[in-house]
Amino acid sequence: MTDEESLRAAFATGARVRFDAKKPKVDRAVRGELLSALLTEPLPGSALRLVGAHVTGAFALEGLTVTQVVDLVDCTFDEAPDLRMARLTSLRLRGCKVPGLWARNLRVGSDLVLEAGFTSEGVVDLTDATVDGTFRLAGAVLKAKGDHALLAARIRLSGSLQAIALRAGGEVRLRGANIGGSVHLGGARLHNPGQNALDGSGVTIAGNLFCDAEGGRFTADGRILLDGARVGGNVVFSGARLKAGVVDRPVLVIPRGTADESASLVADRIRVEGNVELDDGFTSTGTVRLANAEVGGYLRLSGAAIGRQDVVEELEAREVVDRIPVALHADGIRVRGDLEARGAVNGGFRGDGARESALRAYGQVRLVDAHVRGSASLSGVHLHGPGIDVLFADRLTVGGTLFLRDLHAKGSLRLQNAAIGSTLDCSGATLTQPRRRPDGKGVKPSLDARVATIGKDLLCSNGFTATGGVRIRLAEVGKMATFTGARLGGPGSDIALNAYGLTVSQLVLRMAEDVIPVGRVVLRRVSATAVQDGPGLWAATGGVDVEDFTFSAISSTPPVDVHTRLRWLREVQPDFAPGPYEQLAAVYRDGGEEELAQQVQLEKQHRRYSELGRAGRVWGGLQRWTVGYGYRPWLAIAWLVAFWLLGALWFLGHEMPKLNDDESPSWNPWLLAVDLLIPIVDLGQDGKWKFSGASQWISSGLIAVGWILASTAAAGAARVLKRV
């Protein structure tokens, strides 16, 4: 029996035909035409099962319907099998070596198996194919001579795509694919430098997408495209290594500059019902894009390293930054769970996390208009972007707490118009090398949370450091804002703390004398219920602006007296303004400490008159020593009594002659002194006597003193009535 006759006989019974792989190819040769012809014969129970055969000629089943099982193991082909528009019951090519595979619009009624060492020297084209089972590519090697290794756009799989440890030299295209199960690419290595390594744009996956370390680390040299994808389960890139290859068109960054985005992973508008895990050793030398993505579970970035360190290091040498490298672009992302970027502790995520296993980002992290329904934890994260906004999160919304504990950032954190449902916790964070101004002169704030809304607390304490200062202008904090022990400001920073228009219940500015703000502290128009301060605050190198600063209670640690507070006000207000004194006096008065309130008011009036001209200072001095600016009216009475006694005693020993002999007044030195001192009032003594010598001067002096004391008393009384 000839070899072909033996093959026909085995085909008819479905028996497996084995060839000795050690023999030359010519001794193992089987004509492709023969195999194609056999598969067109409708023999019940027949099947094509070959091991180690060398197929010569064309193995072509284009447009045919084949009901037999096709199971070829470790076979080699001279020409690419042509399966276009064919309908097969089963196709298994395990360990086979082909120069390519043409299978557009192929339909397989069960699993499609191209695994266990399947090797293609050309493109495997499965565009618009349908597989009523699982597509198995585990361990396959696709060596494309052109740009594409696998063309499977719009492929439809009722099962999963099993491609663990796949090796592909060229693009793997799954654009628009519909996969009923999961996609397993753990340990796969996709190599297409400078182009797309995996194009999964618009793919629909009912299960999970695994590009992780199962079977070895998933590695891609080229861009991963998942924009517009739909995943019913989780997207897992744990431990994956991505290398950038394609530079997108620059993205404008407000207010100025362009984003230099060399993307490794593009998942814009992806919709994931489960979790997205880019953690546990995930590395990407290019941008990870998740713009306008929707994540049903959590987004985990713990243990990831994103961006190129060498590109970021170039920023430090530039005086003006006009090109901004972007590590993570997640503008408009929606996360229904938590965002986790903190370090892991013993394999779990508890407490603050370990710094060494937290996210490291080299370049800008963008979360503009992002929405996290749960909490966002960036505790211990390292952000590297000297001279730029390393965290750009305008209008970020976080339903729970935004944790930035022990965060280390080279660059500025921008949270303008952010809405934090609970607490913004920056305890122990270190923010250095803030964003430089466009002209290269000076720096922007290290933390810019202007017009932010924080439902509970703003915590910038426990060693919090911001060398560019903090801006919380017009922010709203539900409970407490604390800067206890914070180090604010540094070289190039004009303002250490800008809290203009801040609304807060409790404001804690408890700073020690050895930790003073470097720059100006702006508390203008701040509205707080309670304030706690310390000597370090009032020693700020640029002074403290407290105009229209309102509060209901104030205390200090350690406690200070009213004289110390008045000294602080003098030091920070070289030019007099009445508002801070009125506010402090009102606090003392409302607290039942009327004497302290009067001391504040006396200091206010003293400073007011001391800045007027000579006449004003004289008038102010008279009011101060006679009636205490109206706050000590008993002084006027004391002065009047003193001058009355002096006048009366003088006139007791110096009786004056009558001025008019026709009248007979009765000499009374006590009433005479009163009549001279008190203006307008006539007691029948003034104008009845002829004064001469020293008595004339003394009477004139009493009249003058009376008018002065009466005028100052009237001014003081008016002030008292005005306060009432």
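Can you find a residue that is modelled with pLDDT of 95 or more and in a loop (DSSP other than H, G, I, E, B) anywhere in the stretch 361-368?
Yes, the stretch 361-368 contains a residue that is modelled with pLDDT of 95 or more and in a loop (DSSP other than H, G, I, E, B).
Look at Phe464 and say whether it is among the hydrophobic types (A, V, I, L, M, F, W, C) and in contact (Cβ under 8 Å) with a residue 60 or more places away in the chain. Steps first, please.
Values: among the hydrophobic types (A, V, I, L, M, F, W, C): yes; in contact (Cβ under 8 Å) with a residue 60 or more places away in the chain: no.
For Phe464, the condition - among the hydrophobic types (A, V, I, L, M, F, W, C) and in contact (Cβ under 8 Å) with a residue 60 or more places away in the chain - is not met.
Out of Leu50, Leu35, I need the residue that is part of a helix (DSSP H, G or I), in contact (Cβ under 8 Å) with a residue 12 or more places away in the chain, aliphatic (A, V, I, L, M) and crowded, with 19+ Cβ neighbours inside 10 Å. Which one?
Details: Leu50 fails: part of a helix (DSSP H, G or I).
Among Leu50, Leu35, only Leu35 is part of a helix (DSSP H, G or I), in contact (Cβ under 8 Å) with a residue 12 or more places away in the chain, aliphatic (A, V, I, L, M) and crowded, with 19+ Cβ neighbours inside 10 Å.
Please state which of the following conditions Leu72 fails to meet, knowing it meets all the rest: (1) surrounded by fewer than 17 Cβ atoms within 10 Å (Cβ to Cβ); (2) outside any helix (DSSP H, G or I).
That leaves (1) as the condition not met.
Go over the candidates Ala163, Ala153 one by one and state the one that is closer than 22 Å to Gly117 by Cβ and either aliphatic (A, V, I, L, M) or without any contact (Cβ under 8 Å) to a residue 12 or more places away in the chain (or both).
Working: Ala153 fails: closer than 22 Å to Gly117 by Cβ.
Checking each option against the conditions leaves just Ala163.
Determine, yes or no, whether Pro438 is touching a residue at least 40 places away in the same chain (Cβ under 8 Å), more than 27 Å from Gly337 (Cα to Cα) and either crowded, with 23+ Cβ neighbours inside 10 Å or of a type in the set (A, V, I, L, M) (or both).
Numbers: touching a residue at least 40 places away in the same chain (Cβ under 8 Å): yes; more than 27 Å from Gly337 (Cα to Cα): yes; either crowded, with 23+ Cβ neighbours inside 10 Å or of a type in the set (A, V, I, L, M) (or both): no.
Judged against the criteria, Pro438 is not a match.
Each row is one residue, and each column tells you yes or no for (1) in contact with a His (Cβ under 9 Å, 6 or more places away or on another chain); (2) under 21 Å from Gly428 (Cα atoms); (3) surrounded by fewer than 19 Cβ atoms within 10 Å (Cβ to Cβ); (4) at pLDDT 95 or above.
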| residue | (1), (2), (3), (4) |
| --- | --- |
| Ala481 | no, yes, no, yes |
| Asp494 | no, no, yes, no |
| Asn498 | no, yes, no, yes |
| Gly519 | no, yes, no, no |
| Arg524 | no, no, yes, no |
| Gly534 | no, yes, no, no |
| Val544 | no, no, no, no |
| Asp548 | no, no, yes, no |
| Ser556 | no, no, no, no |
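Find the strands (runs of 3 or more DSSP E) located wholly in the stretch 107-216 whose residues include 2 or more that are farther than 30 Å from Gly52 by Cβ, and list them. So that I can check it myself, show each step before the final result.
Working: elements: 141-151, 167-173, 189-199.
Result: 167-173, 189-199.
Answer yes or no: is there a residue in the stretch 596-605 that is in contact with a Gly (Cβ under 8 Å, 6 or more places away or on another chain), among the basic types (Lys, Arg), part of a helix (DSSP H, G or I) and at pLDDT below 70.
Looking for residues that are in contact with a Gly (Cβ under 8 Å, 6 or more places away or on another chain), among the basic types (Lys, Arg), part of a helix (DSSP H, G or I) and at pLDDT below 70, one finds none in the stretch 596-605, hence no.
In the stretch 359-383, how many residues are at positive phi and buried (at least 21 other Cβ atoms within 10 Å of the Cβ)?
Of all residues in the stretch 359-383, those at positive phi come to 363, 369, 380.
Next, only the ones that are buried (at least 21 other Cβ atoms within 10 Å of the Cβ) stay: 363, 380.
Total satisfying the criteria: 2.
Check Val326, Val276, Val295, Val266 and return the single one that is buried (at least 24 other Cβ atoms within 10 Å of the Cβ), touching a Ser or Thr at 6+ places or on another chain (Cβ under 6 Å) and of a type in the set (A, V, I, L, M, F, W, C).
Working: Val276 fails: touching a Ser or Thr at 6+ places or on another chain (Cβ under 6 Å); Val295 fails: touching a Ser or Thr at 6+ places or on another chain (Cβ under 6 Å); Val266 fails: touching a Ser or Thr at 6+ places or on another chain (Cβ under 6 Å).
From the options Val326, Val276, Val295, Val266, the qualifying one is Val326.
Go through (1) among the basic types (Lys, Arg); (2) assigned to a loop (DSSP other than H, G, I, E, B); (3) closer than 16 Å to Gln364 by Cα one by one and return the number of the condition Lys410 breaks.
(2)
What about Thr529, is it surrounded by fewer than 21 Cβ atoms within 10 Å (Cβ to Cβ), of a type outside the set (D, E, K, R) and modelled with pLDDT of 95 or more? Before the answer, list the steps.
Values: surrounded by fewer than 21 Cβ atoms within 10 Å (Cβ to Cβ): yes; of a type outside the set (D, E, K, R): yes; modelled with pLDDT of 95 or more: no.
Judged against the criteria, Thr529 is not a match.
Is it true that some residue in the stretch 293-310 is over 12 Å from Val235 (Cβ atoms), of a type in the set (Val, Ile, Thr) and out of contact with any Phe, Trp or Tyr (no Cβ under 9 Å at 6 or more places or on another chain)? I'd like the intermediate steps shown before the answer.
Step one: filter the stretch 293-310 for residues over 12 Å from Val235 (Cβ atoms), giving 301-310.
Subsequent filtering for residues that are of a type in the set (Val, Ile, Thr) retains 306.
So of that shortlist, the ones also out of contact with any Phe, Trp or Tyr (no Cβ under 9 Å at 6 or more places or on another chain) come out as none.
Scanning the stretch 293-310 turns up no residue that is over 12 Å from Val235 (Cβ atoms), of a type in the set (Val, Ile, Thr) and out of contact with any Phe, Trp or Tyr (no Cβ under 9 Å at 6 or more places or on another chain).
Do any strands (runs of 3 or more DSSP E) entirely within the stretch 504-569 hold 1 or more residues that are closer than 13 Å to Phe483 by Cβ and among the charged types (D, E, K, R), and if so, which?
Details: elements: 520-522, 527-533, 553-556.
The qualifying strands (runs of 3 or more DSSP E) are 527-533.
Has the stretch 94-105 got at least one residue that is buried (at least 20 other Cβ atoms within 10 Å of the Cβ) and over 51 Å from the mean Cα position of the chain (by Cα)?
Looking through the stretch 94-105, at least one residue is buried (at least 20 other Cβ atoms within 10 Å of the Cβ) and over 51 Å from the mean Cα position of the chain (by Cα).
Conditions tested, residue by residue: (1) charged (D, E, K, R); (2) modelled with pLDDT of 90 or more.
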site: Leu39; (1), (2): no, no
site: Ala60; (1), (2): no, yes
site: Val73; (1), (2): no, yes
site: Asp78; (1), (2): yes, yes
site: Arg84; (1), (2): yes, yes
site: Arg87; (1), (2): yes, yes
site: Ser90; (1), (2): no, yes
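Taking into account only those residues within the stretch 110-126 that are crowded, with 18+ Cβ neighbours inside 10 Å and closer than 16 Å to Ile179 by Cα, which is nearest to the chain's Cα centre (by Cα)?
Selected residue: Leu126.
Of the numbered conditions (1) closer than 18 Å to Ile155 by Cα; (2) touching a Ser or Thr at 6+ places or on another chain (Cβ under 6 Å), Ala229 fails exactly one; give the number of that condition.
For Ala229, the exception is condition (2).
The values are calculated or read from the model by the stated rules, or taken from the named source; none is laboratory data. Note that the structure is predicted; figures quoted are calculated from it, not measured. All Cβ positions, even for glycine, are placed from backbone atoms using ideal geometry, and neighbour counts span all protein chains on display.
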